[in-house]
Each structure stands twice: as C-alpha cells, then as structure tokens.
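Structure first, then comments.
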Amino acid sequence: NTGSERPHAVLLASPLTGHLIPLAELARRLVEHHSFAVTLVTFSNLSLPAHVLSSCLLPPSVATAVLPSVDMGDIPAADIFQVFLELIRRSAPNLRALVRGISATAGPLAALVVDFFFPEALLVAAELGVPGYVFVPTNLTMLALERRFMELHHVHGLPPGEYRDFPEVVELAEGVSMRREDFPVPYRDPNRLAFPQLLEDTRRYLRADGFLVNTFDKMEPALVEAFRLAAEQRAFPPVFTPGPLVRRSKPEPDVGDQDCLEWLDRQPTGSVVYVSFGSGGSLSLEQTTELVAGLEDSGQRFLWVVRVPDLTAESETATGGNDDDPLAWLPEGFLERTAGRGLAVTAWAPQVRVLPHPATAAFLSHCGWNSTLESVQSGVPMVALPLGAEQRMNAVILEREVGVALRPPAREDGVVVRDEIAAAVKELLMDGEKGRFVRRRAGDMQQEAARASLPEGSSRRALEEVATKWKLACGMEK
Ligand code: UDP
C-alpha cells in the first residue's frame, strides 16, 4: 500500500554498506510501524554488491530509486570525503527532480532524510519546504565529537581549514571524554585534507530539522541528556534515538550461509568466538599472523570471516597468497591444526544469525557500529580490535562506558599481539573475573535494548514522535 493516503518519506542512503543496512531498517519501521510510504534512494556511482542489498531484507512496501550516474572522473578517489561532497553536489539536480516526481505522483511528501555524509542535500529539503533530517548510522558520541570540534573551531575564530591548539582530550558530556588517539581517523590529524571539509559538513548539520541516530538511550545516556539540553536551548537541532536499527535475518538463509550455521549447530552451547571485521575491514599481514597465533593459543573454538590482508602497510615483497583466496594468506598448517575447532569462511557470514546462535559466546570485532549493536542485541560480549573509521572511539564506549567489551592493549604501532588476543578470548570464554563482569553487562544491555524496542520503549517512542511531526508537517495529522 503506497497509495496517496500514506505520507511519503524519502531516505537518501550513502553508498557504504554499514550506512545502508540500518537506513533500510529505518525504512521498514516507518512503513510497518508508522504507516508511511518510503522511497530509499541510492546512487549509481559506487554501487553496492548484491549480497549487501539482499541482506538488507527490504520489505516490498519500501520502494527504491537510483540516482543517475554522474561523472566523477576528475575527483581523486583516495579522498573519500571529497568524493562524497562532489557526488552529492553533482547529483543534487537529479535528487531534486526525483523528489519532485515522488511528491507529484505518490502522495504528500512528509520528509527528506539524508545520510550524515550528505548534509549538503538538506538544501533540497529546504527548497521543497519539507522537514530535512540527518540519519547518523553510528552513535551519538560521534555526533557530539563533530559538534565539539565545530564549537572549538568557532571559539578560536579560525578561518575554515585552519586549526590550532588541537586538544589531546575533549569532554563530550558530563563524565564522557575522548582522547585524541581514539578520535575517528580523519580527526586525529587536523592537517589532513579532509578535516576542513568535515567541519563544513558539521556546520551544514545546523540546517537540519532533526537527527535520527542509530543508538538507544541506555547505550549513551549522558549524551542523550546533553543533546536534549542543547535542543531545549536551541543550540542544536533535536536528536532522536530509535536504535538499535538492526535488520532482521531472512526467513530462509542463503545457500552459502548454511555451512556456517550447520557448523555452529554442531558446537557446544556458549563455546565459539565469532571473529569478523565488518563489510570491508581487513587486517595487516602482521595483525593477521598475530590473530592466527592468538586464536591457536587460546585453545577455543572460533568462526572467522577471513579477508585478504591489507597490504598497504607491508613491504612490497609480501608474498604468500593471492587476491582471490583469503585463506591462502594464513600461515601454513593453521587450518589443519585447528580443523576440529575452527571454521574459516571467506567473504560473508550471516552475522545476524551467527550472533544469537546458542553456540556463540563472544565476538572478536572491529567494533563497527552495526556489529556492535547486533552483538548487544544478542547479549554477546565482545573483544575489541578496532581498525579504522570511528572504531577506536566505539571501542572506548564499549569498554569504558557500557562495559560489554574487553579491549586488549595494542603495541605502539597499533598491532595487538598474540598473547593479548589469547588472554582476552580466554577471559571471556573461560570465565575469568573480568570476563564474568563483561558477560553480565552484555546480558543487561541485551535486556535494555529489548526494552527500548517495546511499543512503550524509548526507541519506539522516539520514532513515533518524529513520525507524528512529519505527518503534521504535510497536513496528514492535526
Ligand atoms: N556483515 C555480515 N556478514 C559479514 C560481514 C558483515 O552480515 O561477513 C554485516 C554485519 O552484520 C553488519 C555490517 O555488515 O550489519 C557491517 O557493519 P559495521 O558497521 O559493523 O561495519 P562496517 O562494515 O561499516 O565497517
């Protein structure tokens, strides 16, 4: 039912797997819980692999539209933020036409929601006179950090692109601070090309009518309160927390998924550590070697989604495998020695089925925010091995604020060595004192997440509030 009696929301996705997955889930909820019609808009540029789209499980009631490809040949691909800014600038006329078309044919346009990498698209919402919202696929801590940097820059009265007195530690809310070494990658070094661009993006956020952030109140309580106050004082747009936006697993797993699940079925309850680093994350060759040794030394069962190592940090003479077969990079004999207790899969595991499986006891993770929320929702404690993006910051939240993860210390060069990995895995699986605490916290947070998602829960109410505003704005509700 996408007829004109339903208010229509247009959701603009970013072409990143970890951003699209929770946005698709938001779309589903708007349709199924709040009687919206939704169009999810993606880009032809940088399109996603088919298994990602299929794993999002879009309900038939969510329509999709694809923005035509635009020429990006002149933009260096390495500067991802520049790519995104130019992509949205060049696509703006197409987006405008698409949204106009929707409002002409598919009923009253209620809102335009844009991924947080595309605040420039809020201009289109303003032009069309509809509420413009920003979707943050990661957490409130990230939004707080962005906001803090914007303020600091403003206080120092610096021209765009310049930054001095870069703080070692920033305070984000009462009792919540973050050290520079744990900042998201582009913020660690203010001299990076992307930094001024990011500040500009944050300034564009101020045009938003509101934010939808993939978190829930009990996950980041101090920040929820800080943003509530900021909205009350009209210092920042209102922030809503409808998470965890975790996709449901498909009724029937794909053929390739069966191997993983059948293997898990054969393992004892609470005996397996699931090892995965997200949709794109790969380890350096050295970190791979340490992980292999750590898993072997731990003596525990594991299910590992293995990727071809990231060789950018290695000498050009690194040998041992090829681009097509991630397993060829693993040390000689490892798979044979661990054959009875370990399973290595390549490419893609059905993570939303693996985590709640009774055999799964812990998740050794890069702390991508979707992985994090999926783990919390399943009550699975984590071993944090953050790689890039905002993952170190997420690891801090998980270890220090929420208490659902152990974070084995890294060496100066960032590598976590085998002993630390083995110790953390054993601590969680063999009932050490710290491990017991973290497991208990994981159980508590699972309950909190479930509570937030009940009809009267905070997350459900947050989306209800937004939905009501949107319906009012397009005259569908008085
Ligand atoms: N994922 C999966 N199978 C895999 C790897 C990843 O299903 O083998 C899913 C995972 O469940 C999560 C998403 O891909 O929903 C990864 O998002 P996350 O934010 O954790 O990390 P990112 O990919 O953005 O680094």
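Descriptive notes on the structure:
- Test for A467: is it closer than 30 Å to P7 by Cα and in contact with a Ser or Thr (Cβ under 9 Å, 6 or more places away or on another chain): yes
- On inspection, D310 does not qualify as surrounded by fewer than 21 Cβ atoms within 10 Å (Cβ to Cβ) and more than 14 Å from the ligand (Cβ to nearest atom).
- Of all the criteria given as (1) more than 19 Å from the chain's Cα centre (by Cα); (2) more than 13 Å from the ligand (Cβ to nearest atom); (3) on the phi < 0 side of the Ramachandran plot, the one not satisfied by V402 is (1).
Residues checked against (1) modelled with pLDDT of 95 or more; (2) within 22 Å of P268 (Cα to Cα):
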position: A395; (1), (2): yes, no
position: L398; (1), (2): yes, no
position: G403; (1), (2): yes, no
position: P408; (1), (2): yes, no
position: R411; (1), (2): yes, no
position: V417; (1), (2): yes, no
position: E420; (1), (2): yes, no
position: G432; (1), (2): no, yes
position: R436; (1), (2): yes, yes
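- Meets criteria (within 30 Å of V224 (Cα to Cα) and buried (at least 19 other Cβ atoms within 10 Å of the Cβ)) for L429: no
- Residues satisfying the stated conditions in the stretch 359-381, i.e. in contact with an Asp or Glu (Cβ under 9 Å, 6 or more places away or on another chain) and within 14 Å of S271 (Cα to Cα): A359, F363, V380
- Residue list for the stretch 62-82, filter: out of contact with any Lys or Arg (no Cβ under 8 Å at 6 or more places or on another chain) and outside any strand (DSSP E or B): P68, S69, G73, D74, I75, P76, A77, A78, D79, I80, F81, Q82
- Scanning the stretch 263-299 for residues that are under 14 Å from R341 (Cα atoms), touching a helix residue (DSSP H, G or I) at 6+ places or on another chain (Cβ under 6 Å) and within 14 Å of the ligand (Cβ to nearest atom) turns up just one, Y274.
- Pairs, first on the phi > 0 side of the Ramachandran plot in the stretch 349-367, second part of a strand (DSSP E or B) and surrounded by 24 or more Cβ atoms within 10 Å (Cβ to Cβ), C-beta under 9 Å, six or more apart: C367/M382; C367/A384; C367/A405
Rundown of residues vs (1) buried (at least 24 other Cβ atoms within 10 Å of the Cβ); (2) within 9 Å of the ligand (Cβ to nearest atom), yes/no style:
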| site | (1), (2) |
| --- | --- |
| G342 | no, no |
| T346 | no, no |
| V352 | no, yes |
| H357 | no, no |
| F363 | yes, no |
| W369 | yes, yes |
| V380 | yes, no |
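- Qualifying residue in the stretch 75-82 (condition: at pLDDT below 90, touching an Asp or Glu at 6+ places or on another chain (Cβ under 6 Å) and over 15 Å from D115 (Cα atoms)): yes
- Positions within the stretch 456-475 being farther than 20 Å from F227 by Cα and crowded, with 18+ Cβ neighbours inside 10 Å, in sequence order: W470, K471, A473, C474
- Residue that is farthest from the ligand (Cβ to nearest atom), among those in the stretch 98-124 that are surrounded by fewer than 24 Cβ atoms within 10 Å (Cβ to Cβ) and small (G, A, S): A104
- Here the stretch 48-74 is the region considered, the condition is being within 16 Å of the ligand (Cβ to nearest atom) and touching a strand residue (DSSP E or B) at 6+ places or on another chain (Cβ under 8 Å), and the residue that is modelled with the lowest pLDDT is L48.
- Positions within the stretch 269-278 being part of a loop (DSSP other than H, G, I, E, B) and either touching a Leu at 6+ places or on another chain (Cβ under 6 Å) or buried (at least 23 other Cβ atoms within 10 Å of the Cβ) (or both), in sequence order: F277
- Some residue of the stretch 438-451 being buried (at least 18 other Cβ atoms within 10 Å of the Cβ) and touching a strand residue (DSSP E or B) at 6+ places or on another chain (Cβ under 7 Å): yes
- Single match in A473, A442, A389 (criterion: at pLDDT 95 or above and not hydroxyl-bearing (S, T, Y)): A442
- Verdict on L229 being surrounded by 19 or more Cβ atoms within 10 Å (Cβ to Cβ) and at pLDDT 95 or above: no
- Filter result for A144 (at negative phi, touching a Leu at 6+ places or on another chain (Cβ under 6 Å) and modelled with pLDDT of 90 or more): yes
- Of the residues making up the stretch 11-34, those that are within 16 Å of the ligand (Cβ to nearest atom), part of a helix (DSSP H, G or I) and of a type outside the set (D, E, K, R) are T17, G18, H19, L20, I21, P22, L23, A24, L26, A27.
- Any hit, the stretch 249-261, residues being away from the ligand (no atom under 13 Å from the Cβ), assigned to a loop (DSSP other than H, G, I, E, B) and modelled with pLDDT under 95: yes
The values are calculated or read from the model by the stated rules, or taken from the named source; none is laboratory data. Quantities reported herein were computed from a predicted structural model and do not represent experimental measurements. No Cβ is skipped: glycine too gets one built from the backbone with ideal geometry, and neighbour counts run over all protein chains shown.
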